[in-house]
Amino acid sequence: MSNENKINNFVWSDFMNYKRNENRRSRTSKRRVNHRNNKKRNKFIFFAIFIIPLLILSLYLLTNYKDIKKSFLTKNTEEFTNLQDDLQRDNINTSESNKKTEDDSKENQIESVDETLENKENEIKVLKLLPEDKEKYTIYKEYFNSCSSFLVQDGTEYDADFINDFRLDTAWNEGKEGNGIDEWIEIKLHWPSDVNGIIIENGYKKTEKLYFENNRPKTLEIELIGQDTFTVQLPDDFENSYYLKLPKTYDAIGVKITILDVYKGSKYSDTCISEIQLVYEQK
């Protein structure tokens, strides 16, 4: 190959390298331009999507601030007013309900007081009997007696006739096994008579020792035969006699007395009553 051809080939090779480099630079430049354009476009899109609406909203809020505030306050005021009305209605309803409850309670209390007073008027009064008080009473002395049971001990029958023999060294002792609960004694007059009180000597009063060794009735059911029935509680008292004042005067043939509860004796389980008399107190 001649020198001229070599020179031509070299020149051509340099030219081609130049063109390739030029093309490469051109493509690189275009990519950079496109990248810059894309960044600008993305910024514009972000601005258009987010910034512009935010600016518009801010402008709207600034220009309509007073109206918005007024509307908000009006709405809250209405809600608060409605809430106050609801609370007021609830308070009125609660007040009416409480008033009704108080009225009902007062009525119940009045009824309860009336019932208590009525019960007290219809109760037997247990009064301590003083020796001089017996002069005020007509004491009936003739009876027919019967009982549910009586004690037989060492040949002695502690039967119902001991209940009104006007002696404290004798007594009716019930004879049922146990404490004598539900045992009864019946005292009848020869004919119906005015009765408004009962004298009772509770327990076996022959001696204080025997009194506390045997059972004494604590609670009694007292039935005016064929008429009213009462429940009465007696004191556990050896020293004194007691007068059971009835709420009114009965035209009575007699009484039936049933043991409901007892004061337990220290030695024996027999329940004893020394005396029962029917009386009439002149008003």
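The figures follow:
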item: Thr229 being over 13 Å from Gly197 (Cα atoms) and surrounded by fewer than 16 Cβ atoms within 10 Å (Cβ to Cβ); result: yes
item: First in the stretch 240-261 and touching a residue at least 60 places away in the same chain (Cβ under 8 Å) and of a type in the set (Lys, Arg), second anywhere and part of a strand (DSSP E or B) and surrounded by 21 or more Cβ atoms within 10 Å (Cβ to Cβ), Cβ under 7 Å, 6 or more apart; result: Lys245/Gly197
item: Pairs with Cβ under 7 Å, 6+ apart, first in the stretch 125-137 and on the phi > 0 side of the Ramachandran plot, second loosely packed, with under 12 Cβ neighbours inside 10 Å and of a type in the set (Gly, Ala, Ser); result: none
item: Test: residue in the stretch 154-176 that is closer than 17 Å to Gly265 by Cα, touching a residue at least 12 places away in the same chain (Cβ under 8 Å) and surrounded by fewer than 18 Cβ atoms within 10 Å (Cβ to Cβ); result: yes
item: Some residue of the stretch 197-208 being on the phi > 0 side of the Ramachandran plot and small (Gly, Ala, Ser); result: yes
item: Residue satisfying condition, being surrounded by fewer than 16 Cβ atoms within 10 Å (Cβ to Cβ), part of a strand (DSSP E or B) and modelled with pLDDT of 95 or more, within set Thr258, Thr219; result: Thr219
item: Only listed residue being small (Gly, Ala, Ser) and within 18 Å of Asn173 (Cβ to Cβ), chosen from Gly226, Gly265, Gly197, Gly254; result: Gly265
item: Search result, residues across the stretch 135-161 that are outside any strand (DSSP E or B) and within 49 Å of the chain's Cα centre (by Cα); result: Ser148, Ser149, Phe150, Ala160
item: Ile198 within 42 Å of the chain's Cα centre (by Cα), outside any loop (DSSP other than H, G, I, E, B) and closer than 24 Å to Lys176 by Cβ; result: yes
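Conditions tested, residue by residue: (1) more than 17 Å from Ser274 (Cα to Cα); (2) outside any strand (DSSP E or B).
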site: Ile163; (1), (2): no, yes
site: Asp194; (1), (2): yes, no
site: Lys205; (1), (2): no, yes
site: Gly226; (1), (2): yes, yes
site: Phe230; (1), (2): yes, no
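The values are calculated or read from the model by the stated rules, or taken from the named source; none is laboratory data. Bear in mind that the values here come from a model prediction, so they are computed numbers and not experimental data. Backbone-built Cβ (ideal geometry, glycine too); neighbour counts: all protein chains shown.
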